[in-house]
Structures are given as structure tokens and as C-alpha cells.
Amino acid sequence: MNIGILKNTVTVELCRQLLVQLKVPAMADSFVKLATDPVHQNMTLVEAVSTMATHELESRLGKRQERYLQRSGLRELSVWNQADLANLIVTKERNLRQQDLHRLTSCEWIENNRNVLISGATGTGKTWMIAVLGKQACIYGCRTQYYRYARLMELLADAREHRESATFRRNLNRNKLLIIDDFGTSRITDDLASDLLTVLEEREGCSSVIIASQLPFNEWHHYLGGNRNADAIMDRLINSSYQFELEGPSLRERNALDSK
């Protein structure tokens with residue numbers, strides 16, 4: 001495009017094309033609306049630029065949120081479509097308080113590089129809670145990755161075998177929030193416990209994890225081998241985490257009864 005002729009040929013379409021070339025498409029759309037709708041003719045230049053810039057920022061934020069949600073792996077969860085704070089059952093019976101959830105959904109704990117540990121029997125709402133907190137983190141603007149524990153152990157073992165552990169951890173730790181579901185469902189070797197410890201060490205003070213397990217917290221140390229690796233892992237988790245031990249009857253049973 002010949003910029004030299006713009007003074008004599010400025011049109012709405014030309015301005016739109018320039019904004020698109022500058023890679024601000026939402027601002028371009030907003031400009032066309034402001035320039036062609038008589039309702040906006042009395043806006044000052046400052047008001048118009050502010051409106052267009054706000055539209056562009058909101059569009060970028062929405063695209064980033066969707067990109068983070070798409071890449072997180074959370075959508076594979078069966079409860080994804082119902083993963084909403086309003087749908088969580090918060091009662092004393094479940095050992096879950098509304099104020100705790102609201103504090104977590106603000107994502108301040110992620111900004112402070114803290115962790116969330118969740119334990120409870122099958123059906124008590126661990127996965128639902130993971131989905132809600134993970135979705136909220138993506139919306140807040142935190143890059144998030146979800147793994148089932150057994151799958152993460154497979155990937156760590158494969159990376160170790162091919163001498164790519166550092167590369168795998170570097171990619172893993174690009175995520176501000178790492179979610180590990182079903183912790184303790186597969187055997188862990190000393191090598192894998194050491195790899196898990198390294199992941200946690202590298203994330204300490206700069207990112208967060210959520211770990212959910214059917215194992216009560218007092219059994220985690222034994223599961224990890226009861227050795228120095230276990231000591232170090234538990235020290236990093238317990239002293240920097242919000243802990244939730246979910247109780248009560250299975251939510252699946254309740255949903256089955258409600259559907260009858």
C-alpha cells in the first residue's frame with residue numbers, strides 16, 4: 001500500500017485495512033462501527049481511541065483464555081461441562097467451606113505460588129473441584145496443564161530413558177499451574193520419586209500445583225517410599241499448600257438418585 005497517497009484518499013475501508021495490517025483486527029471492527037454509526041459521531045478522539053483499544057484488549061484476552069482452556073487438557077474430564085462454582089456442593093458434611101472456594105477462585109493463591117492438595121474417597125468431588133479451579137486459572141490468564149498421575153509418571157519415565165528429562169521439565173514448567181489428578185494410583189520407583197521432587201523444586205516459588213488423590217494425606221509419605229525423597233516432597237507440598245480432605249457420600253450416587 002502506498003502510504004504517500006493517504007492524505008487525499010482516506011476512507012473508512014482504508015483505515016480498517018491499515019488497522020488489520022497492524023494486527024489489531026478487533027480494533028479495526030470497532031473503528032468501522034464508530035465511523036459509520038451516527039450514534040457515535042459526537043465522541044471525542046480520546047473516547048473513540050479508548051473504545052477501540054478496549055475492544056482489542058478484550059478480544060485478545062478472550063482468545064488467550066480459550067487457547068489456555070484448549071491446551072490445558074481439562075476438557076477431557078467427564079465433569080467439564082458442569083464445572084462451575086455455582087454447581088459445587090459446599091456443605092459442612094463435605095468438609096468444604098464457601099469462603100475457601102471463593103478465596104481459591106480469585107487465583108490469588110496462584111499469584112503467591114502456593115499449592116492446593118485435595119484428598120477424598122471416590123465420588124466426593126475431587127475432579128469437579130480440579131475442573132473448577134483449573135478453568136478459573138485459565139480464565140484468569142494462567143497457562144495450565146492437567147495430567148492424570150499415571151500418565152505423568154509414564155512421561156517422566158520416558159524422558160529419563162531418552163535422556164530428555166531436562167527438556168520435558170522445562171516444557172512442563174512453562175505452565176503457571178500444573179494439575180496432577182489421581183495421585184498414588186500407580187507404583188512409584190525411587191527414580192520417579194526423584195524426578196517428581198525435581199519438578200516440584202523447579203516450580204517452588206514461581207508456580208503452583210494442584211494434586212488430588214484418594215489417599216489420605218497421612219499416607220502420602222509412605223506411598224512415596226518413606227525416604228529422603230518422600231521427606232523433601234512432603235516438605236515442599238505441605239508447607240506451601242491449602243489442604244482439603246473431602247468427605248461425605250458419593251456425588252455420583254446423589255446425581256443418580258436426582259435423575260430418577
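The values are calculated or read from the model by the stated rules, or taken from the named source; none is laboratory data. What you see is a predicted model, and the numbers here were worked out from it, not measured in a lab. Counting neighbours? That spans all protein chains shown, and the Cβs are built from the backbone with ideal geometry, glycine included. We work out accessible area using only protein heavy atoms, side chains counted, and drop any ligands, DNA or RNA first. Shrake-Rupley method; radii C 1.70, N 1.55, O 1.52, S 1.80 Å.
Here are the numbers:
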| item | result |
| --- | --- |
| Gyration tensor (alpha-carbon) shape descriptor, the range 166-212, a/c threshold 1.5 | oblate |
| Size of charge dipole - the chain - debye, nearest 20, with Cβ of Lys, Arg +1 and Asp, Glu -1, no other charges | 540 debye |
| Exposure of Asp231 as accessible area (Å², to 10), given a probe of 1.4 Å and all protein chains | 80 Å² |
| Accessible surface of the range 36-161, 1.4 Å probe, proportion on carbon and sulfur as whole % | 48 percent |
| For Ser165, net neighbour charge (Lys/Arg +1, Asp/Glu -1) across residues whose Cβ lies under 14 Å away | -4 |
| Euclidean distance between Cα centres, the range 10-80 to the range 160-191, Å | 38 Å |
| Long-range HN-HN contacts of Arg148 with modeled amide H, under 5 Å | Asp181 |
| Given (i) 13.1; (ii) 16.7; (iii) 20.8, the label whose value is mean projected area of the Cα convex hull in nm² derived from this model | (iii) |
| Unit charges at the beta carbon, dipole of the range 28-73: most positive-side option, Leu69, His40, His55 | Leu69 |
| Probe 1.4 Å, accessible area per residue of the chain, Å² | 57 Å² |
| Mean Cβ count within 10 Å, highest first, over the residues of peptides 136-147, 159-170, 196-207 | 136-147, 196-207, 159-170 |
